[in-house]
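Inspection log for the structure reproduced underneath, given as structure tokens.
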Amino acid sequence: MLPLSYRGTGKTEVEAYASGILMKKKLIIIGAGGHGRVVRDIARSNGYRRIFFLDDERKDGIETLGAISDFTRYLNTHVFFVAIGDSRARARITESLVKAGGRIVTLIHPSATVSEDAKIGIGTVVMAGAVIGSGSTIGDSAIINTNSAVDHDCVIRDFSHVSVGASLGGCVTLEPHVWVGAGATLINNVDVCEGCLIGAGAVVVRDISERGTYVGVPARLMRLPDGTRIN
């Protein structure tokens, strides 16, 4: 995980959150698209009331404070959440924030079920209806999307995304930058290598050790990272 501990208070981010320190801060969400608006709703449910956006593009009906690079103007006055769907872009922005001393928060929807011994990284969002089982570890800046299930003793590494309604059996490992599509299923004890995309509705029944896009039941390699299709 990235060293994203809450700075300046001598407390971990979780301790600061629990004591209400972060609740008094103004939150900037980087990314004003659909994902960012969902994150805004979760932030409100977590008690944030002063929420703003930064984005490089204008979004209809969304007022922003400026471009993403303008975050440097707010380092001493706001906390941040990076709500960018693309994992590589999310990583770049997160790393820039960390280097600049930005304070990044974690957001968990009140309706999510998170085991008391699960570990959730900084900058991760756990959305409505999601379940995270006992002994599981979720890395930094991950997305655990609406109504997804991460069973016991799973490891979801940094910048990965478990999409809406996806289901991971026990002891599954996702390496960084894995995207598990909507409604996909990964059976117990499978490992997925870095940078893979698991298509919507796919069923993964064995380890995946080659990068690419996997689809079908059972899941098979359909496309290599360079775009080459596999017949």
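Working only within the range 180-221, note down all residues that are in a strand (DSSP E or B) and either touching a Lys or Arg at 6+ places or on another chain (Cβ under 7 Å) or hydroxyl-bearing (Ser, Thr, Tyr) (or both).
Narrowing the range 180-221 to residues in a strand (DSSP E or B): 180, 185-186, 191-192, 197-198, 203-204, 208, 213-215, 220-221.
Of everything in the range 180-221, those that are in a strand (DSSP E or B) and either touching a Lys or Arg at 6+ places or on another chain (Cβ under 7 Å) or hydroxyl-bearing (Ser, Thr, Tyr) (or both) turn out to be 185, 213, 214.
Quick test for you: out of 91, 83, 112, 128, pick the one residue that is under 16 Å from residue 42 (Cα atoms) and touching a Pro at 6+ places or on another chain (Cβ under 9 Å).
Numbers: 91 fails: under 16 Å from residue 42 (Cα atoms); 83 fails: touching a Pro at 6+ places or on another chain (Cβ under 9 Å); 112 fails: touching a Pro at 6+ places or on another chain (Cβ under 9 Å).
Result: 128 is the single residue among 91, 83, 112, 128 that is under 16 Å from residue 42 (Cα atoms) and touching a Pro at 6+ places or on another chain (Cβ under 9 Å).
Would you pick out the residues in the range 145-179 that are among the hydroxyl-bearing types (Ser, Thr, Tyr) and not in a loop (DSSP other than H, G, I, E, B)? Before you say what the answer is, go through the steps one by one.
Residues of the range 145-179 among the hydroxyl-bearing types (Ser, Thr, Tyr): 146, 148, 160, 163, 167, 173.
If the condition is that a residue be among the hydroxyl-bearing types (Ser, Thr, Tyr) and not in a loop (DSSP other than H, G, I, E, B), then 167, 173 are the ones that fit.
Only one residue in 98, 79, 125 is in contact (Cβ under 8 Å) with a residue 24 or more places away in the chain, among the aliphatic types (A, V, I, L, M) and not assigned by TED's automatic domain parsing to the domain that holds residue 26, so which one is that? Lay out the reasoning, then the answer.
Details: 98 fails: not assigned by TED's automatic domain parsing to the domain that holds residue 26; 79 fails: not assigned by TED's automatic domain parsing to the domain that holds residue 26.
Every option except 125 fails the conditions.
I want to confirm something. Restricting to the range 41-82 and keeping residues that are of a type in the set (Lys, Arg) and farther than 18 Å from residue 103 by Cβ, which single residue is modelled with the highest pLDDT? Step through it out loud before you land on a result.
First, pick out the residues of the range 41-82 that are of a type in the set (Lys, Arg): 44, 49-50, 58-59, 73.
When the remaining residues are screened for being farther than 18 Å from residue 103 by Cβ, the result is 44, 58-59.
Details: 44: 95, 58: 83, 59: 79.
Ranking the qualifying residues of the range 41-82, first place goes to 44.
Of the residues 166, 142, 202, only one is farther than 18 Å from residue 87 by Cα, of a type outside the set (D, E, K, R) and at pLDDT 95 or above; which?
Numbers: 166 fails: farther than 18 Å from residue 87 by Cα; 142 fails: farther than 18 Å from residue 87 by Cα.
Going through 166, 142, 202 in turn, the sole match is 202.
Answer yes or no: is there a residue in the range 176-187 that is touching a helix residue (DSSP H, G or I) at 6+ places or on another chain (Cβ under 9 Å), surrounded by 24 or more Cβ atoms within 10 Å (Cβ to Cβ) and modelled with pLDDT of 95 or more. Break it down stepwise before answering.
From the range 176-187, those touching a helix residue (DSSP H, G or I) at 6+ places or on another chain (Cβ under 9 Å) are 176-179; that's our starting set.
Remaining after also requiring surrounded by 24 or more Cβ atoms within 10 Å (Cβ to Cβ): 178.
From the residues that got through so far, the ones that are modelled with pLDDT of 95 or more too are 178.
So far as the range 176-187 goes, yes, one or more of its residues are touching a helix residue (DSSP H, G or I) at 6+ places or on another chain (Cβ under 9 Å), surrounded by 24 or more Cβ atoms within 10 Å (Cβ to Cβ) and modelled with pLDDT of 95 or more.
Name every residue in the range 104-144 that is touching a helix residue (DSSP H, G or I) at 6+ places or on another chain (Cβ under 8 Å), in a loop (DSSP other than H, G, I, E, B) and either buried (at least 19 other Cβ atoms within 10 Å of the Cβ) or of a type in the set (Ser, Thr, Tyr) (or both), in order of residue number.
105, 106, 109, 122, 123, 127, 140, 141
Looking at the range 68-103 only, could you name the residues that are of a type in the set (S, T, N, Q) and in a loop (DSSP other than H, G, I, E, B)?
Narrowing the range 68-103 to residues of a type in the set (S, T, N, Q): 69, 72, 76-77, 87, 94, 96.
Selection gives 76, 77.
Pull up the range 23-58, narrow it to residues that are among the small types (Gly, Ala, Ser) and out of contact with any strand residue (DSSP E or B) (no Cβ under 8 Å at 6 or more places or on another chain), then point me to the one that is farthest from residue 85 (Cα to Cα). First the steps, then the outcome.
Here is the first cut: in the range 23-58, the ones among the small types (Gly, Ala, Ser) are 31-34, 36, 43, 45, 47.
Retained after the next criterion (residues that are out of contact with any strand residue (DSSP E or B) (no Cβ under 8 Å at 6 or more places or on another chain)): 34, 45, 47.
Values: 34: 9, 45: 21, 47: 23 Å.
In this case the residue turns out to be 47.
The values are calculated or read from the model by the stated rules, or taken from the named source; none is laboratory data. Bear in mind the structure is a predicted one, so any value in this text is a computation, not a measurement. Glycine gets a Cβ as well: all are built from the backbone with ideal geometry, and neighbour counts include every protein chain shown.
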